[in-house]
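K.L.:
Got a structure for you, written out below as structure tokens; questions coming shortly.
The values are calculated or read from the model by the stated rules, or taken from the named source; none is laboratory data. Small disclaimer: the values here were computed from a predicted structure and weren't measured. As a convention, Cβ positions derive from the backbone with ideal geometry for all residues, glycine included, and neighbour counts pool all protein chains shown. Only protein heavy atoms, including side chains, enter the accessible area calculation; ligands, DNA and RNA are left aside. Shrake-Rupley method; radii C 1.70, N 1.55, O 1.52, S 1.80 Å.
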Amino acid sequence: MKRASFNQLGLPVWLLLPQLVIIGVFFYWPAAHAVRSSFYLEDPFGFGSTFVGWDNYAGLLASAQYVKVAVFTLGFTFLVTFFSLSIALVLAVKADKVIRGTRTYRTLLMWVYAVAPPVAGFLGVMVFYQGNGPMTEFLALFGYEFRLGVNYYDTAAAMVAVATWNHIPVNFIFFLSGLQSIPQSVKEAAMIDNRSGTRRFWDITFPLLAPTAFFLLIINITYALFDTFGMIDALVKGEPGNNPMTLVYKVYVDGFRGNDLGGSSAQSVILMVLVLVLTVFQFRVMDRRIHYT
Amino acid sequence: MVHVALKSISKVYPNGVRAVHPTSFDIQQGEFIVLVGPSGCGKSTLLRMIAGLEEITEGELSIAGRVVNDIDPAERDIAMVFQNYALYPHMTVYNNMAYGLRNRGMAKADIDAAVSTAATMLNLTEFLTRRPSQLSGGQRQRVAMGRAIVRNPALFLFDEPLSNLDAKLRGQMRIEIKALQRRLGVTSVYVTHDQVEAMTMADRIIVLNGGRIEQIGTPAEVYHQPASTFVASFMGAPPMNLLPAHYNGNGRVHLSETIHIEAPVSADYSGQVKLGVRPENVGIVDSSHPDALRFDLEFVEELGAGRLLHGKLGDSGLIVHIPHTDPIPGGEVYVGLPKSALVMFNHETGMRL
Ligand SMILES: Nc1ncnc2c1ncn2[C@@H]1O[C@H](COP(=O)(O)OP(=O)(O)OP(=O)(O)O)[C@@H](O)[C@H]1O
Ligand SMILES: [Mg+2]
């Protein structure tokens, strides 16, 4: 590996400075501010604040609504991760069998990933629209009246569907390159050792995909937890009241709609801790377990 | 007893490449067959068709009397050793060897016994709990061998199994594989482009060129009686000398207007020929010798065990191999081409006359 070395500290500090300033101003400072304000009860009209200690946190855990949102977020994350990973895996396995030059195919699929979450949300609104959305009409054929934004579970289903759809491509791409990096000869050796294609998949292919799958698992959890904000906003816009929402969306709703800055800060702090735990877990596992070469 | 029979087997890849032209041969029980030929001649394709990893376009393949064209690789009772070993990276050495046995429903105790016997045979006992990534190239090669032998298959298939090893290890493993095959008596097909491996390991060599069989024969036959100029120049380092000459059916070959010698065969043919002679069969002779031919020595290559004399016989290049105990000839050099060591090829077709 090529290493550059610097004689004095001056130049590297100058080179790093913009990055450090950006991280400091846009991440650490607001984070510190959030931690601070999570211990205060903020006057809604901005006339000062009172120190309340852990009250904001206690309030959250005691709030049935917060618990409900947390449970929904958990379920939402689980379903989106599960469906987007498993559908992408099935697609990738099928694709791996037939394609050699995967370029065009990959690019085509990547377009879906390039759709920003809010746009995906609007597309979702269009597809599930109450009046004449194609999906709504399709479900109506089976006698089901799909009511986006009105029925809690219908809205939740639409959210899961849109988020899953939005995230399948990236999973597919990673799974496909994972599959294609398994040496052909290893698959062939397995063909001689085991006649069942299904068993070969679970014994050989899947374990060799495990590093990819684990990486994607973390990516997907993070996506479902944090990156779906825009999509949810598009789907529930106007009446967040009775609709399902994720923890991240609730931070926004409580802080900006409800003007409860203290409670909303406490929620962000909880989310920050969650990210921290997730990251530590990821590095632990990555270091410890899954690599073979 | 015929063990493996190929009847007009051919292969056309989906992209239209005809990798193997209709090919037929039989392999006897316990025989060690080496497929040799230049890169791209279809060796791997042929082997992979026998393994069942590549579909047979046309023809019929039978193993132990059973037509296996449409039988899964796992059901053909074969084991294959791949060039890059193709070990399962996530499994221990033990599991790499045991995997095929488990899938065949063998009892745990029998698997243990089979793996430990193979491991002892291959000096792998201390590595059984390691992953392939924690082994050296030579050890991985042994694991690949172990995975093949634990299965106790009817047929071993090898696709250049030694080409990723360094020269010394390759020489050692070559001997071990051959000894192992002798001991187990398992019919084997071995692909290589290394002619030393081909010569030393084979009971019979099959020389392939452009998807066609050039010659099938024992190493000695292929070496001394090459069926074509292709085989003559492919086998041997340095290859057989091929001297352009003219033959008019009267028992003598004319290397030039003035140089002519007795023909090795009396063929019913007249026209341009190539006269083949192995460098070690050319003798340095006295000028008084009746068949002495004038040799213009150009330079000498030192090989240690011998020397290669490069030069010209008339207008054609000739390489002579002499033992290191012989002196390097000086002054006017004369060579003799012993009739028994000569082979003659049709110039156009390249076939031996
Ligand atoms: N999957 C494939 N699709 C199309 N053509 C192929 C395929 N595999 C091999 N070929 C072609 O078939 C011919 C024979 O290939 P093969 O791999 O059998 O050669 P080989 O004798 O094993 O060569 P090497 O010594 O380089 O391994 C080559 O011309 C090759 O380009
Ligand atoms: Mg090959």
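K.L.:
Could you put A:F83, A:F39, A:F142 in order of accessible surface area, largest first, with the 1.4 Å probe and the full protein assembly present?
P.N.:
Numbers: A:F83 85, A:F39 45, A:F142 145 Å².
So, going from the largest accessible area down, we get A:F142, A:F83, A:F39.
K.L.:
Further, regarding this structure: 7 Å from Cα along Cα→Cβ at both A:N132 and A:W29: what's the point-to-point distance in nm?
P.N.:
5.1
K.L.:
Which angle from 0 to 90°, rounded to the nearest 10, does the C-alpha axis of helix B:137-150 make with the longest principal axis of chain B?
P.N.:
70
K.L.:
Now, a different point. Could you give the angle, 0 to 90 degrees to the nearest 10, between helix B:108-121's Cα long axis and the longest principal axis of the Cα atoms of chain B?
P.N.:
Around 30 degrees separate the two axes.
K.L.:
Which distance in nm do the two modelled labels at B:N69 and B:A113 give, with both placed 7 Å along the Cα-to-Cβ direction?
P.N.:
For B:N69 paired with B:A113, the spin-label model returns 4.0 nm.
K.L.:
Hey, another quick one. Please get the size of the charge dipole for chain A, origin at its Cα centre, with Cβ charges of +1 on Lys and Arg and -1 on Asp and Glu, quoted in debye to the nearest 20.
P.N.:
On the way: 20 positive and 16 negative charges, 270 e Å.
So the dipole magnitude of chain A works out to roughly 1300 debye.
K.L.:
Once the dipole of the range A:87-246 is set up with Lys and Arg at +1 and Asp and Glu at -1 on Cβ about the Cα centre, which of A:L148, A:L216, A:M191 lies farthest towards its positive end?
P.N.:
A:M191
K.L.:
Here's something else I'd like to know. Rounded to whole Å, give me the distance from the Cα center of the range A:247-263 to that of the range B:285-353.
P.N.:
Between the Cα centres of the range A:247-263 and the range B:285-353 lies a distance of 96 Å.
K.L.:
Using 10 Å bins from zero, what percent of all Cα-Cα pairs in the range B:139-256 falls into each bin?
P.N.:
11, 36, 29, 13, 7, 3, 0
K.L.:
Please figure out what share of the DSSP beta bridges in chain B is antiparallel and state it in percent, rounded to the nearest 5.
P.N.:
Working: 58 of 76 bridges.
Once the DSSP bridges in chain B are tallied, antiparallel ones form about 75 percent.
K.L.:
Using the charge dipole of the protein assembly as shown (Lys, Arg: +1 at Cβ; Asp, Glu: -1 at Cβ; taken about the Cα centre), state which of A:S37, B:H224, B:V34 has its Cα farthest towards the positive end.
P.N.:
Value: A:S37.
K.L.:
Additional query: Quick one: ranking B:D159, A:D55, A:D260, B:D315 by accessible area, 1.4 Å probe, largest first, what do you get? Please list the in-between numbers first.
P.N.:
Numbers: B:D159 20, A:D55 100, A:D260 65, B:D315 145 Å².
Most to least solvent-accessible, the answer reads B:D315, A:D55, A:D260, B:D159.
K.L.:
Take the alpha-carbon centre of the range A:47-86, take the same for the range B:203-223, and report the distance between them in whole Å.
P.N.:
Centre-to-centre distance over Cα atoms comes out at 75 Å.
K.L.:
Give the average, rounded to an integer, of partner chain Cβ atoms located within 10 angstrom of each Cβ in A:180-188.
P.N.:
Average per residue, whole number: 4.
K.L.:
So what does log10 I(q)/I(0) come out to for the protein assembly as shown at q = 0.06, 0.09 Å⁻¹, using the Debye formula with one equal point on every Cα and no solvent?
P.N.:
So the normalised log intensities are -0.58, -0.93.
K.L.:
Same structure, new question: Determine, at each q value in 0.20, 0.21 (inverse angstroms), the log₁₀ of I(q)/I(0) that the Debye formula gives when each Cα of the range A:87-246 is one equal point scatterer.
P.N.:
-1.17, -1.23
K.L.:
For the charge dipole of the range A:87-246, defined by +1 on Lys and Arg C-beta atoms and -1 on Asp and Glu C-beta atoms about the Cα centroid, which residue among A:A158, A:L89, A:P134 has the Cα displaced farthest towards the positive pole?
P.N.:
A:L89
K.L.:
Hey, got the dipole for the range A:87-246? About the Cα centre, +1 on K and R Cβ, -1 on D and E Cβ, debye to the nearest 20?
P.N.:
Dipole about the Cα centre, nearest 20: 660 debye.
K.L.:
Of all accessible surface on chain A at a 1.4 Å probe, what whole percent is carbon and sulfur?
P.N.:
About 69 percent, which is the carbon plus sulfur part of the accessible surface.
K.L.:
Still on this structure: Could you sort out which of B:K11/B:K168; A:K94/A:K187; B:K7/B:K43; A:K187/B:K168; A:K68/A:K237; A:K187/B:K178 sit more than 24 Å apart by Cα distance in this structure?
P.N.:
B:K11/B:K168; A:K187/B:K168; A:K187/B:K178
K.L.:
Averaged across B:148-155, how many Cβ atoms of other chains sit within 10 Å of each residue's Cβ atom?
P.N.:
Working: counts 2, 0, 0, 2, 0, 1, 0, 0.
What the average comes to for B:148-155 is 1.
K.L.:
Quote the convex hull volume per residue of the range B:1-118, based on C-alpha atoms, as a whole number of Å³.
P.N.:
145
K.L.:
May I ask for the angle, rounded to the nearest 10°, between helix B:93-102 and the longest principal axis of chain B, with both axes built from Cα atoms and the value confined to 0 to 90°?
P.N.:
The angle comes out at about 70 degrees.
K.L.:
Same structure, new question: Within the protein assembly as shown, what percent of beta bridges assigned by DSSP are antiparallel, to the nearest 5?
P.N.:
75
K.L.:
Under 19 Å between alpha carbons, and skipping anything fewer than 8 positions from B:K312 in its own chain: which aspartates and glutamates qualify?
P.N.:
B:E257, B:E280, B:D286, B:D291, B:D296, B:E298, B:E301, B:E302, B:E332
K.L.:
Also, I was wondering about something else. Once you average over the residues of B:72-80, how many Cβ atoms of partner chains fall within 10 Å of each Cβ?
P.N.:
4
K.L.:
Just the Kirkwood number for the range B:212-353, please: inverse of mean 1/r across all distinct Cα pairs, in Å, one decimal.
P.N.:
After inverting the mean inverse Cα-Cα distance, the result is 15.5 Å.
K.L.:
Between A:T50, A:T81, A:T136, which gets the highest mean-square fluctuation from a Gaussian network model of chain A, Cα cutoff 10 Å?
P.N.:
Comparing A:T50, A:T81, A:T136 in a Gaussian network model of chain A, the most mobile one is A:T50.
K.L.:
Could you size up the charge dipole of the range B:123-274 around its Cα centre, putting +1 on the beta carbon of Lys and Arg and -1 on that of Asp and Glu, and report it in debye to the nearest 20?
P.N.:
880
K.L.:
DSSP H helices in chain A with Cα extent of 20 Å or more along the helix axis and mean Kyte-Doolittle hydropathy at least 0.5?
P.N.:
What comes out of the filter, once short or polar helices are dropped, is A:64-98, A:152-180, A:206-222, A:261-288.
K.L.:
With a 10 Å cut-off between alpha carbons and a GNM built on chain A, which of A:E42, A:E145, A:E188 moves the most?
P.N.:
Most flexible of the set in this elastic network: A:E188.
K.L.:
I'd like the interface area for chains A and B: accessible area of each alone minus the complex, both sides summed, 1.4 Å probe, protein heavy atoms only. What is it in Å² to the nearest 100?
P.N.:
1900
K.L.:
Relative contact order of chain B: what whole-number percent is it, with Cα pairs under 8 angstrom and at least 6 residues apart?
P.N.:
For chain B, the relative contact order is 15 percent.
K.L.:
Roughly what percent of Cα-Cα pairs across chain B reach past 37 Å?
P.N.:
That tail contains 33 percent of the Cα-Cα pairs.
K.L.:
Based on the Cβ-Cβ distance from B:I216 to A:M286, what FRET efficiency comes out when R0 is 51 Å, to the nearest 0.05?
P.N.:
0.40
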